[in-house]
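**Student:** One structure follows; several queries about it will come next.
Any read-out appearing in this document is the output of simple, stated calculations on the displayed coordinates, not a laboratory observation. Model, not experiment: these values are computed from the prediction. FYI the Cβ positions are ideal-geometry reconstructions off the backbone, even for glycines, and counts take in every protein chain you see.
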Amino acid sequence: MNERIRNLAVEAGFNISGIADNKEKDKIEKLAKLVAQECIGQIEEVSLIKGGNSTVDYNCGFSDGMLVAIRTIEEDFDIE
């Protein structure tokens, strides 16, 4: 299980060391990845609906910020 997901599961109250069945750990990891993918989808959706009346510098910074957020989520949750 991804270390970030393990830490979040423990913080949420799961007893990870007490789960003997790897299928249950896989389900927790899958849930975390689905939530992270949903967050990425929301970031991407915002990029499609943002107004086009901003400056070029603003648009570049906005796009760069979204890419950093997406990459960070993907790295933290091992999403390819």
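**Student:** For residue 30, go through the aspartates and glutamates and keep the ones whose alpha-carbon is under 19 Å away, minus same-chain ones fewer than eight residues off.
**Tutor:** 3, 11, 21, 38, 74, 75, 76, 78, 80
**Student:** While we're on this one: Kindly state, to the nearest 0.05, the FRET efficiency for residue 45 paired with residue 10, given R0 = 25 Å and r defined as their beta-carbon distance. Display every interim value, and only then the final one.
**Tutor:** Working: r = 31 Å, r/R0 = 1.24.
In this case the efficiency is close to 0.20.
**Student:** Note the full-extension length gain between residue 3 and residue 72 as 0.36 nm times their separation in residues minus their Cα-Cα distance, in nm to one decimal.
**Tutor:** Additional length available on full extension: 23.4 nm.
**Student:** For the chain, with the dipole built from +1 on Lys and Arg beta-carbon atoms and -1 on Asp and Glu ones, taken about the Cα centre, which of 40, 10, 73 lies farthest toward the positive end?
**Tutor:** Result: 10.
**Student:** Sum -39500 (n - 2.57) across every DSSP H segment of at least 4 residues in the chain, then divide by the residue count to get the 222 nm mean residue ellipticity, nearest 500. Before the final figure, lay out the partial values.
**Tutor:** Values: 3 runs with 58 residues, N = 80.
It lands at -25000 deg cm²/dmol.
**Student:** Please check: in the Gaussian network model of the chain (C-alpha springs, under 10 Å), which one of 41, 18, 65 has the largest mean-square fluctuation.
**Tutor:** In this elastic network of the chain, the residue with the biggest mean-square fluctuation among 41, 18, 65 is 18.
**Student:** Additional query: Just the Cα atoms of the chain: what Rg and Dmax do they give in Å?
**Tutor:** Gyration radius and largest Cα-Cα distance of the chain: 16.7, 55 Å.
**Student:** For residue 60 and residue 26 in the same chain, what is the full-extension length gain: residue separation times 0.36 nm, less their Cα-Cα distance, in nm? Present the calculation step by step, with values, prior to reporting the outcome.
**Tutor:** Numbers: separation 34, 0.36 × 34 = 12.24 nm, distance 3.80 nm.
Gain in length upon complete extension: 8.4 nm.
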